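Working notes, structure below.
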Amino acid sequence: MRKINKFAVVSLMACGMLSLTGCDDAFEPAVENHKTIEQLEGMPQWAVGLLGHAYISNPLGQDPVAWTMTEVATDDAVSNDVDNSYRRMASGTWRSDNNPMDNWQYLRASWQYINQFIELAPKVEWANDPVAAELYKQRFLGDAYGMRALYMYHLLRAHAGYSNDGQLLGIPILTESETVESEFNVPRNTFVECIKQLNDDVDQAIKYLPEDYGTTDNINEVPSKYREIGAKADSYSRVFGDHAKNRMSARIAKAIRAQAALLAASPAYSDGSGVKWEDAANLLAGVLKDGFGNNPVGGIDPTGNQWYNEHKALESIEAGFNRPEFLWRSNKGGDSSNGSDWQNWIEYNNFPPSLFGNGRVNPSQNLVDAFPMSNGLPITESGSGYDPQNPYANRDPRLDLYIIHNGSQFKGQTIDTSVDGTNNDALNRYDGLSTRTGYYLKKLLVEDVNCNPNSLAGQYHVRPWIRYTELFLGYAEAANEAWGPTGGGSNGFSAYDVIKAIRQRAGIIGGDIYLEKCKSDKNLMRELIRNERRIELCFEGFRFWDLRRWKVDLNKLNETVKGIRISNNHYEVFNVEERKYSDYMYYGPIPYSETLKFDALIQNKGWGK
């Protein structure tokens, strides 16, 4: 007997995404805003609201105002905000009942909406035309399966771990919607089972979705799987045209599978996942070849490491269209005529105080030291030319792109972070405002934003959800582990090829003798790849998870964050903040409240119940 499950579609769905009229009841919904599953079968605009929850809860889109900035819980940065939850976590308050990295409740609640939608979609009257109705059904189903795979990946990254008996566990797999009569006290499935479910969902997404969306008037450009059910160019464009760009696609779903494979093949998970480095490398290569052809390295975006600087181009960019660096991105936001727009808060939070910012994220000396010299040699390498009393000279150009240091030019002024500086940009000059490390964030920030309350001026912003540079670096990592620095299996390109192209794009000069040294040493190449990943993806939310999936030594996980103290032109490195992680904190916890409610949920080792 089918249960009738009533629920309220949130006002955002009704007032925004679905363009329905009447938002007067947003805070106290009217009775008619509560619909049964049966009613939704004849109400496609309301039915798709269930799928809309998947995008509201998109883990890649969380905290779009200031990014998550989990780097302040690593060796890459600190926060000058004493109440910052990641700062507190890194300093010893991370518990199963106090977890800033928690994705459990948020994503599993929206998982229920996805399951409801998957059950409902085949019954909805999507259009009067039967071909268009079938195309809509396939598009929305594929979208739902792809988003469920994305949820699985992020839930595994945040909550998978080993139990006390040595079993690698994931999450409880639920493929049917729950009702009040469902059994909620269910155990966690194994990590292997979760990866299989993710792969099954990706297969379904690929089955239903096109590689990319786009309007066409050429029947030969309509994929054959849609022509076989009677689609013409006009009906295909109606459903899969330009207006649908930036939704889940087959290409994006494949990338999510590749990201999950890289996680599963990593040292923290490989013993219990059954996924090998070769598997991850081949999946990543497949996505890159789909995007750039048989020579994907040749398609690396020459300005991809400066994507956040091209805000002017966003003013005229059409919805859903991407630059070569982006596989998937957010919608553009931030009106250049409205300085108070919420998407400009990243500048309000992180500009130096002399520019009316709060200087929240302070990059570490540890990260600064990770940038090589312009000749590619690490600063610790003999012959690099590094001068600790002139530390920013002849460095990798990415250092000046990503970090504001003493003497940096920013918004037409020289930033002085020395102890004897003349304003609040100076080191520790003003609690909760000035830098604690001698550095301010530059990456992600749009210089043309004006935070002066007397002359506010905003700019357009966009947030990449999946960058191709991330996928290239993932391939380099997996390929090096599988076949060594210059091997590529049957893929035709190697870790060496990728890293060479990325470092050339960065501006490394002089033949890159250090890369050539690493070319014959797998261990050296591993460290170089990890360092390139640290630099290229800094402040984009990767470092915290990378350190854990690599299972770095606990001393590295707890590396003291350092800063630079400059006085009378003398540079002195000093300790800023300690890290206090325990040996079980390579894996995040299951929420304590959930283990209290459901005794079938086994907690990860070390986190208590």
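The values are calculated or read from the model by the stated rules, or taken from the named source; none is laboratory data. Keep in mind the model is a prediction, meaning the values are calculated, not measured. For neighbour counting, all protein chains shown are included, and Cβ atoms are generated from backbone atoms with ideal geometry for every residue, glycine included. With ligands, DNA and RNA removed, areas are computed over all heavy atoms of the protein, side chains included. Shrake-Rupley method; radii C 1.70, N 1.55, O 1.52, S 1.80 Å.
A few notes on this one:
- Rounded, prolate or oblate (a/c below 1.5 giving rounded, otherwise prolate when a/b exceeds b/c) for segment 423-546 by Cα gyration tensor: prolate
- Pairs beyond 32 Å (Cα-Cα), from Lys332/Lys597; Lys254/Lys551; Lys196/Lys225; Lys196/Lys551; Lys196/Lys232; Lys289/Lys580: Lys332/Lys597; Lys196/Lys232; Lys289/Lys580
- Computed from Cα atoms alone, the Kirkwood hydrodynamic radius reported for segment 435-506 is 15.6 Å.
- Once C-alpha pairs closer than 8 Å and six or more residues apart are averaged by separation and normalised to the residue number of the chain, the relative contact order reads 18 percent.
- Rounded to 0.05, the FRET efficiency of the Lys232 and Gln45 pair, given R0 = 30 Å and the Cβ-Cβ distance, is 0.80.
- The helix-only estimate of mean residue ellipticity at 222 nm for the chain, built from DSSP H runs of length n ≥ 4 each weighted as -39500 (n - 2.57), is -10500 deg cm²/dmol after division by the residue total.
- Global geometry of segment 325-443, whether rounded, prolate or oblate, following the gyration tensor of its Cα atoms and the 1.5 cut on a/c: oblate
- From the Kirkwood radius over Cα pairs of segment 162-274, Stokes-Einstein at 20 °C and 1.002 mPa s returns a whole-number translational diffusion coefficient of 127 µm²/s.
- Across the alpha-carbon atoms of segment 530-609, the computed radius of gyration and Dmax are 17.9, 62 angstrom.
- Sorting Tyr571, Tyr269 on solvent-accessible area from highest to lowest, probe radius 1.4 Å, gives Tyr571, Tyr269.
- Once the Kirkwood radius over Cα pairs is known for the chain, the Stokes-Einstein relation at 10 °C and 1.306 mPa s delivers a diffusion coefficient of 61 µm²/s.
- For segment 53-148: accessible area per residue (Å², 1.4 Å): 34
- Accessible area (Å², per residue) of segment 220-358, counting only protein heavy atoms and a probe of 1.4 Å: 40
- Longest to shortest principal axis, alpha-carbon extents of segment 123-210, angstrom: 56, 33, 16
- Set of aspartates and glutamates with alpha-carbon distance to Lys312 below 19 Å, sequence-local pairs under 8 removed: Asp301, Glu325, Asp335, Asp341, Glu347, Glu447, Asp448
- Shape of segment 248-298, Cα gyration tensor, a/c cut at 1.5: oblate
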